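Engineer: Quick one: the structure is below, and I'll ask about it shortly.
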Amino acid sequence: MSTTLSDRYNPQEVETKTYKWWEENGYFKAQDLSTKPPYSIILPPPNVTGFLHLGHALDHTIQDLLIRWKRMSGFNAMWLPGTDHAGIATQSVVEKELKKQGHTRHSLGRDVFIEKVWDWKNQYGDRIYNQMRKLGDSCDWERATFTLDEGVSKAVKKVFVQLYKKGWIYKGQRLVNWSTPLESAISDLEVEFQQVKGTLYHILYSIENSSEFLTVATTRPETMLGDTAVCVNPDDERYKHLIGQNVVLPLINKSIKIIADTYVDPKFGSGVVKMTPAHDFNDYKIGKTHNLEFINILEKNGLLNENAGPYKGLKVQEARKRVIDDLKKQNLIAKEEPYIHSVGHCSRTGAVVEPFLSEQWFMKMDKLAIPAKRVVESGTLRFEPESWTKVYLHWMNIIEDWCVSRQLWWGHQIPAYICQDCNHTTVSETTPTVCEKCVSDQIKQDEDVLDTWFSSALWPFSTMGWPENTEALKTFYPSTYLITGHDIIFFWVARMIMMGLEFKGDIPFRTVYIHGLVRDSQGRKMSKSLGNSIDPVELIEKHGADALRISFLAHLHSGKDFKFSEQRLEGYRNFMNKIWNAARFVLSHLQDFKTPTEGVRALPKKALLSTYDQWIIYALGEVEKKVESALDADRFSEAALALYHFVWNQYCDWYIEFTKPLLQGPKTEERETTQLVLAQVLNRIVRLLHPFTPFITEEIYQKLPIKGQACIIDEYPTALKDKDFLAFGNEEAATEVEVVKEVISSIRNIRGENRISPAQTMAVRLDVNDDRAQKILGANKKSIMTLGKISQLDIAKEGPLAKSAVALIHVKDVSVKVVIPLEGLVDFAEEIKRIEKTIEKLAKDISNLSIKLSNEKFVKNADEEVVAADREILENSKKQMVQLQEALVRFQ
């Protein structure tokens, strides 16, 4: 294999071949039986209909970082991928395709329709897997699971039957979210609330046997056809005398009770609320409490039924218009006013969601919730960040029974069989041939399917072969981490915890890491309507997967929303180029390097190490400690940024520059020693970076003179594992090099600030007051002159400062004054004008920032990063002001 890298880094070329090579060599595979400690993550299954979006990309990047880190750290690391059958989403996609062909699912029939959905799944189901490969996901693909696989179906049936037998699954009539186009119940997560401009109608209900009226306000006047009471607050003096009396329901002319409940806010509107228990969730609860009649006025398709009287057969909007017209004819509309309110819409069809009284299958949750709360309260299962613990426990304390049935065809059909003769329901894991009660063979399976979240709740153990006690379950359950967004803590995370404890007797995972949502650079939610949604696959094709991954990881703060910026991403693409070019330079100067037989354990001769060699080894040790500590504590951005600064600011910008004269000189023992240090440090850089940027690091790794079989399975560097090599690092040398770096940086800054051409030679004087500083500067005089691009360097005790640029540097207990005489290099009159103008602008900036940061409201409400950045700007502006004022004095 060639030991040189191409002139430019081409992510597309490298990523495709590298991923294929990893997969062909089985590097992603974990073993069910292994002496290595297990580490496992179960991928939150994306919808089979889906495409990789930025939220997935962030989620998967965190998971892949952890899996690659642990795999390299000697663990039997298993990342199990899978996709969700996504009942509503998938059925909707296929129905749209059929509509184009002039078919409906009903015209095809259930069996043929399900075959069509399977055909679609087999054609498009792996699309998201291929996109995951582009990102670098190192999943154990042989374990990939689909939520309708035979093994999962077996687990689903067993759980349903066992919970039914315990009395924890039952069939009953309750209020549910109903999508009329789908003619199905839907989950709360599939309800999207939108701000809608509506009208608030104030309707007069006449008090029975009286000429008085009660005024009731509603945005849904058609639902009054299902009213069974009006409600007031029991302490409302205006209506106390009316409690227990009746009002006459307009248009229907039916008597309904006036009831009292503390739910009603007497200060809102008239203080009178209409009760439609069959079409409003709050009314439903009050209806149950007060034993009200439940009148359903809707058909499953959304048309009004016979309970709506003359409005039967109308659509909701048509009925609303007719009801309003009829009320106006009878002078029963007291007032109409514009009203903006939040209305639930079906995320799949866009239709308004109707609260609908329907017979459904439900799961009792109260008993399941008790142990699920206990494991979090005791710390057995932890949330990161910890603040989500309170949210989880709050939800668990107000948990209600779960509607688990859906009126769809695609999904796990409920294993309940209704006898057509005696109406008894047989619930069974296997298909019965006769009714268990009357032995009739006239039995028919319930047509409903289970909520998609039902099979997802079993994901941590159904994917590993449960109900069999497999080796995979013994090794990898509970999994180590669950990485997910906060929007599905209740819908998925809580249910997995409950099901894991009930059926496995253990928590499904030990840590739940909650990340925020991905937003645009302005902090807005990404959506097609705003035109700010971004396809991560396009970003990967443009900038490379590694740049995208580290742009996430370097700015990921636990639990906080992530502001995505393509400009920042371009900066990390530049980082990839920086690494590539540095590796090219190093490899080009290792052509005559003799690879040591000890490989990565090869050590340099201490006497031949330069100060710069000792410094970079010391700095490597420090970054290894930081990275290990940060990764152990889930501080992923801290680890990523520590590596970024070490690689760019120390290895590339300084160490390589310091070593160039030696590397480009004659072959000596000192040169060979520096070559070894260069090679060993680059080897560790590549391995340290691999979980963050796997593609570029594997490509560079394969060209290194010191390497193993593959970077992906090589050992992850730590200060303990590297202790023999790191022992050659020297803190004193590190201090010395930091002084030299600061001096060179000050010279460069002075050149830039005074607009002195890089080609212009300069004389520099370094004023020092102690022997140690003088010794350091004397020993590194050549490097300072070369990298500072200066023609003359004097090291002195003190000297004149007039007409000179001055910079003070402090590194630990070493102080140096960098003095550059500017006579003949700048126009002092012009410089004085420029400085005065800059001071004037700085004064305004300092004043404005000081006012802004003294505003408690701003500091409290603004993004922490914004406040921190403003404080840093203010501090730097003040320092700059002092320097400019001093320069003004010297230039006079």
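The values are calculated or read from the model by the stated rules, or taken from the named source; none is laboratory data. Quick caveat: nothing in here was measured; it's all calculated off a predicted structure. So basically every Cβ, Gly included, is an ideal-geometry build from the backbone, and we count neighbours across all protein chains shown. To get the accessible areas, we keep the full protein, side chains included, count just its heavy atoms, and leave off ligands, DNA and RNA. Shrake-Rupley method; radii C 1.70, N 1.55, O 1.52, S 1.80 Å.
Engineer: Go through region 658-695 and report how many residues are among the charged types (D, E, K, R), over 25 Å from E738 (Cα atoms) and either in contact with a Ser or Thr (Cβ under 9 Å, 6 or more places away or on another chain) or part of a helix (DSSP H, G or I) (or both).
Structural biologist: 2
Engineer: Taking region 87-120 only, how many residues are among the polar types (S, T, N, Q) and surrounded by 15 or more Cβ atoms within 10 Å (Cβ to Cβ)?
Structural biologist: Counting residues in region 87-120 that are among the polar types (S, T, N, Q) and surrounded by 15 or more Cβ atoms within 10 Å (Cβ to Cβ) gives 3.
Engineer: Turning to a different aspect of this structure: Please count how many residues of region 272-296 are open to solvent by less than 40 Å² (accessible area, probe 1.4 Å) and over 14 Å from T218 (Cβ atoms).
Structural biologist: Adding up the residues that qualify gives 8.
Engineer: Determine whether region 475-489 contains at least one residue that is of a type in the set (D, E, K, R), surrounded by fewer than 16 Cβ atoms within 10 Å (Cβ to Cβ) and over 18 Å from the mean Cα position of the chain (by Cα).
Structural biologist: No, the conditions are met nowhere in region 475-489.
Engineer: Looking for something over 34 Å from the mean Cα position of the chain (by Cα), of a type in the set (A, V, I, L, M), open to solvent by less than 80 Å² (accessible area, probe 1.4 Å) and at pLDDT below 95 - is there at least one such residue anywhere in region 181-202?
Structural biologist: Looking through region 181-202, at least one residue is over 34 Å from the mean Cα position of the chain (by Cα), of a type in the set (A, V, I, L, M), open to solvent by less than 80 Å² (accessible area, probe 1.4 Å) and at pLDDT below 95.
Engineer: If you check S40 against the conditions, is it of a type outside the set (F, W, Y), at pLDDT 95 or above and either more than 18 Å from D714 (Cα to Cα) or assigned to a strand (DSSP E or B) (or both)?
Structural biologist: yes
Engineer: Of the numbered conditions (1) modelled with pLDDT under 95; (2) over 21 Å from H515 (Cβ atoms); (3) of a type in the set (S, T, N, Q); (4) in contact with a helix residue (DSSP H, G or I) (Cβ under 9 Å, 6 or more places away or on another chain), S92 fails exactly one; give the number of that condition.
Structural biologist: (4)
Engineer: Right, another one. Report, by residue number, each residue of region 577-595 that is surrounded by 21 or more Cβ atoms within 10 Å (Cβ to Cβ) and either assigned to a loop (DSSP other than H, G, I, E, B) or of a type in the set (S, T, Y) (or both).
Structural biologist: Correct list: L590 only.
Engineer: Follow-up question, since we're still on this one. Out of the residues in region 696-728 meeting the condition of being under 15 Å from L5 (Cβ atoms) and part of a loop (DSSP other than H, G, I, E, B), tell me which one is most open to solvent (accessible area, probe 1.4 Å).
Structural biologist: K707
Engineer: Further question on the same structure: Let me spell it out: the conditions are (1) more than 25 Å from K367 (Cα to Cα); (2) under 38 Å from the mean Cα position of the chain (by Cα); (3) assigned to a loop (DSSP other than H, G, I, E, B), and W466 meets all of them except one. Which number is the exception?
Structural biologist: (1)
Engineer: Here is a further query. Quick one: in region 143-175, which of the residues that are free of Cβ contacts under 8 Å to residues at least 40 places away in the same chain and in a loop (DSSP other than H, G, I, E, B) is nearest to the chain's Cα centre (by Cα)?
Structural biologist: Ranking the qualifying residues of region 143-175, first place goes to D149.
Engineer: Follow-up. Check every one of the strands (runs of 3 or more DSSP E) wholly within region 176-254 and list those with 2 or more residues that are over 24 Å from K321 (Cβ atoms) and in contact with a helix residue (DSSP H, G or I) (Cβ under 9 Å, 6 or more places away or on another chain).
Structural biologist: In region 176-254, the matching strands (runs of 3 or more DSSP E) lie at 184-186, 229-232.
Engineer: State whether one or more residues within region 506-518 are in a loop (DSSP other than H, G, I, E, B), open to solvent by less than 60 Å² (accessible area, probe 1.4 Å) and of a type in the set (V, I, T).
Structural biologist: Yes, that holds for at least one residue.
Engineer: Being at positive phi and basic (K, R): is that true of K833 here?
Structural biologist: no
Engineer: Report every pair of residues separated by at least 6 positions or lying on different chains whose Cβ atoms are under 9 Å apart, first residue within region 476-489 and under 12 Å from W388 (Cβ atoms) and assigned to a strand (DSSP E or B), second open to solvent by less than 30 Å² (accessible area, probe 1.4 Å) and among the charged types (D, E, K, R).
Structural biologist: Taking only residues 6 or more apart or on different chains, the pairs are T484/D59; G485/D59.
Engineer: Mind checking which residues of region 596-618 are open to solvent by less than 10 Å² (accessible area, probe 1.4 Å) and either among the hydroxyl-bearing types (S, T, Y) or within 39 Å of the chain's Cα centre (by Cα) (or both)?
Structural biologist: Correct list: W615, I616, I617.
Engineer: Out of the residues in region 1-37 that are among the aliphatic types (A, V, I, L, M), open to solvent by less than 60 Å² (accessible area, probe 1.4 Å) and in a loop (DSSP other than H, G, I, E, B), which is nearest to K707 (Cα to Cα)?
Structural biologist: By that ranking, first place goes to L5.
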